[in-house]
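A quick write-up on the structure given underneath.
The values are calculated or read from the model by the stated rules, or taken from the named source; none is laboratory data. Treat the numbers as computed from the prediction; the structure is a model and nothing was measured. Ideal geometry is used to build each Cβ from the backbone, glycine not excepted, and the neighbour counts take in all protein chains shown. Please note that ligands, DNA and RNA were not included when accessible areas were found on the heavy atoms of the full protein model with its side chains. Shrake-Rupley method; radii C 1.70, N 1.55, O 1.52, S 1.80 Å.
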Amino acid sequence: MYKMLDPATLTVLVTGATAGIGAATARRFALAGARVVATGRRAERLIALRDELGPRLHPLELDVRDNAAVVAALGKLPAEFARLNVVFANAGLALGLDPAQRASLDDWDDMVDTNVKGLLYTVRAALPGMVERGEGHVVFTGSVAGEYAYPGGNAYGATKAFVKQFALNLVADLAGTGVRVTNIEPGMVETEFSLVRFRGDEARSDSVYAGAQTLSGEDIAEQIFFCCTTPRHVNITRLQVLPTSQSFAGFNVARERT
Ligand code: NDP
Ligand code: 8X3
């Protein structure tokens, strides 16, 4: 019988655990017996998760864009949560869908600060401990948007392309350390993602998912749980997960009017 890791032996940090994929992943691990440090900016949602899942979940209000806060928070985790085995750097967002020439530079800054720099801060703060202990797992939420271009994807897709390449370069750096790296690359997942992208416009957000059989946060959480509980000699470096109903549309050609 193939032997998976016992989730009860794992301590998991999840950034962006207040909604969507992160919340589902925090639940998946905690319900399987892992200790979970759940982070995000919305403290009341973290407290609700702790109330739901019990003391196995440690709520930690944290904005990943603030490196000093990330370093301080990870440096003073309670002893039972301090030895992280899994760091899921998931916090991220898309803002807007305008073409580059009309996109907001503030939105681009925010996406780079969160999806790129916040992810780097999280990893840099957590990595030395895992390398020292000779075992650990870094997991990112990349995206199909880091691989395939679409109109309006501009800076968002580029942040996810960064995540993909950073993950691969981490695999190179960490060879022989016992630390694994996985970039999970979802397609369409129905979360608060589009509500954030369209600044709370519910009708526009709903229209993204209308009539489509989407993935849920739970679908992605299950794949992450699988990647993290495979035996330690197995490293799933990239995993692209689409709804069965989603595919790629190919090239578009702008034509002169005849
Ligand atoms: P949600 O909007 O549902 O969740 C995003 C999470 O990120 C929230 O918990 C939010 O918490 C957190 N977050 C955002 N900014 C910060 C910040 N500065 N500091 C800390 N936490 C932050 O979206 P998803 O669950 O869909 O998104 C999770 C990840 O998945 C993102 O990286 C996204 O790019 C990626 N992804 C999503 C896909 C989709 O179709 N939904 C597909 C592919 C990838 P809070 O606001 O409380 O801080
Ligand atoms: C989220 C998927 O296609 O909306 O990363 O960019 S997409």
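Dividing the convex hull volume of the alpha carbon atoms of the range 190-258 by its residue count, what do you get in Å³ per residue?
Dividing the Cα hull volume of the range 190-258 by its residues yields 169 Å³.
Provide the packing ranking of 74-81, 31-38, i.e. peptides ordered by the mean count of other C-beta atoms within 10 Å per residue, highest first.
Answer by packing, highest mean first, reads 31-38, 74-81.
Could you work out the local net charge near Gly187, counting Lys and Arg as +1, Asp and Glu as -1, over the other residues with Cβ closer than 13 Å to its Cβ?
Residues near Gly187 contribute -3 overall.
Helix-only estimate, please: 222 nm mean residue ellipticity of the chain, summing -39500 (n - 2.57) across DSSP H runs of length 4 or more and dividing by its residues, to the nearest 500.
-12000 deg cm²/dmol
In the range 29-143, what percent of the accessible surface is made up of carbon and sulfur (1.4 Å probe, ligands and nucleic acids excluded)?
C and S fraction of accessible area: 50 percent.
Describe numerically, in nm with one decimal, the distance between label points set 7 Å from Cα along Cα→Cβ at Ser207 and at Val71.
Calculated label separation equals 4.6 nm.
Largest first, how would Met1, Met111, Met188 line up by accessible area (1.4 Å probe)?
Met1, Met188, Met111
With Cβ to Cβ distances under 11 Å as the rule, what net charge do the other residues near Ala73 carry (K, R +1; D, E -1)?
Net of charged neighbours comes to -2.
Return, ordered by residue number, the residues of the range 10-29 whose backbone nitrogen is under 20 Å from a label point located 7 Å along Cα→Cβ of Phe226.
Within reach of a label on Phe226: 21-29.
What distance in nm separates the simple spin-label points at Tyr2 and Val131, each placed 7 Å from Cα in the Cβ direction?
It works out to 3.1 nm between the two label points.
What do you get for the angle between helix 217-229 and the principal long axis of the chain? Use alpha-carbon atoms, 0 to 90 degrees, nearest ten.
Tilt of helix 217-229: around 40 degrees.
What Kirkwood hydrodynamic radius, in Å, does the chain give when the mean of 1/r is taken over all pairs of distinct Cα atoms and then inverted?
18.8 Å
Modelled label-to-label distance, Phe251 and Leu105, 7 Å Cα→beta-carbon offset: nm?
Inter-label distance under the simple model: 3.3 nm.
Order the following by accessible area, largest value first: Thr9, Thr159, Thr244. Probe radius 1.4 Å; ligands, DNA and RNA are ignored.
So the residues, ranked largest to smallest area, are Thr244, Thr9, Thr159.
Please report the projected area of the range 140-258's Cα convex hull averaged over all directions, in nm².
9.9 nm²
Would you work out which of Ala32, Thr214, Ala172 lies farthest towards the positive end of the dipole of the chain, given +1 charges on the beta-carbon of Lys and Arg and -1 on that of Asp and Glu, about the Cα centre?
Ala172
Could you state the angle between the C-alpha long axis of helix 119-133 and the longest principal axis of the C-alpha atoms of the chain, as a value from 0 to 90 degrees rounded to the nearest 10?
30 degrees
Using a 1.4 Å probe, what is the accessible area per residue for the chain, in Å²?
51 Å²
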